[in-house]
Amino acid sequence: MNYSFNTQRLSMRLIQQGDFDIFVQLYSDPKTMRKICAPFEPKQIKQFFETAIQNNLTPTKKYWVWIIEHNNQAIGLQSLFAQQNQSNRADIGIMLLRQYNGKLLAEEATIGLISFGFSTVKFERIYAQYDSTNYATHRITQKLGFINEQPEADITGKKSTKGKPEHISSYVTGETWQKSLPNHINTC
C-alpha cells in the first residue's frame, strides 16, 4: 500500500534510506529539539532512523515517519503511530527545519496527516502531546479543534514541582474532524 499523500503545497512520503541527512539536521539541532528533549548523539540518530525505516516496512506496527517536502525539498518529518494500549488511537508528531517555521507549513502538514489518519488508517482519535511552553504547537492544536485533556486554566507554561515543563495532551476525534484543504489529494 502506498502511504504517500499531498496537500496544496506539500508532499509527504515515507522515509527512505537516502533521507538520513534530514534526521541529522533535525535531531542534532539544539534549537529544534529544545521543546522535545536533549539533541541526539550521532549513534542515537542512526538508531532512531533505522528503527523508523523498519517500522515503516512493518504494516502490523501502524507506525510511520514521513518526509515533508516543499518544492521538491525535504523540509521536515512527521509521524503517526498507533498507541500501544488503544490501536484505534494515534499520536502525531512534526518537526520542521527552522527556516520553514512561521510559514503555516506545519499547520498544513498537520491537517494533511490528521486527514490521512482518519480517512486512510481509520483511527478514531488522534493525540498531540507537547511541552506547555511550545506556544506554536498549542496555537495549531487549538486552531484545528483539538480538545485539551486538562482544563485550559492549567495550560500556564509554568514548570512542575519537579522542575520539568508540564506536558499537554490534546486530541481530535474522527467524528468532529472538519478540516480539509483545497486540492488535498490522497494518493493511497
Task: Listed residues Lys43, Lys61, Lys122 arranged by accessible area, highest first, probe 1.4 Å - done: Lys43, Lys122, Lys61
Open item on the list: Checking the a/c ratio against 1.5 first, then a/b against b/c, what shape does the Cα gyration tensor give for segment 43-133?
Closed with: oblate
Open item on the list: Would segment 1-63 count as rounded, prolate or oblate if I go by the C-alpha gyration tensor, calling it rounded below 1.5 in a/c and otherwise prolate when a/b exceeds b/c, oblate otherwise?
Closed with: oblate
Open item on the list: Let me check something: with ligands and nucleic acids excluded, how do Lys62, Lys46 order by accessible area (1.4 Å probe), largest to smallest?
Closed with: Lys46, Lys62
TODO: Could you pull the accessible area for Ser79 with a 1.4 Å probe, rounded to 10 Å²?
DONE: 20 Å²
Open item on the list: When a/c reaches 1.5 or more, the comparison of a/b and b/c decides; with that in mind, is segment 32-84 rounded, prolate or oblate per its Cα gyration tensor?
Closed with: oblate
- [ ] Assign unit charges at the C-beta atoms only (+1 for Lys and Arg, -1 for Asp and Glu), then state the dipole size of segment 28-74 relative to its Cα centre in Debye, rounded to the nearest 20.
- [x] 200 debye
TODO: Go ahead and run the numbers for FRET between Ala136 and Gln86, Cβ-Cβ distance against an R0 of 22 Å, rounding to 0.05.
DONE: 0.25
Open item on the list: Ordering Phe118, Phe5 by accessible area with a probe of 1.4 Å, largest first, what comes out?
Closed with: Phe118, Phe5
- [ ] Mind giving me the nanometre distance, one decimal, between the label points for Leu57 and Thr173, set 7 Å out from Cα along Cα→Cβ?
- [x] 3.9 nm
Task: Accessible area of Arg34 in the full protein assembly, 1.4 Å probe (Å², nearest 10) - done: 150 Å²
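The values are calculated or read from the model by the stated rules, or taken from the named source; none is laboratory data. Note that the coordinates shown come from a computational prediction; the quantities given were computed from them, not determined experimentally. Methodologically, a virtual Cβ is constructed for each residue, glycine included, from the backbone with ideal geometry; neighbour enumeration extends over all protein chains shown. Side chains are part of the model used for accessible areas, which takes the heavy atoms of the whole protein and leaves out ligands, DNA and RNA. Shrake-Rupley method; radii C 1.70, N 1.55, O 1.52, S 1.80 Å.
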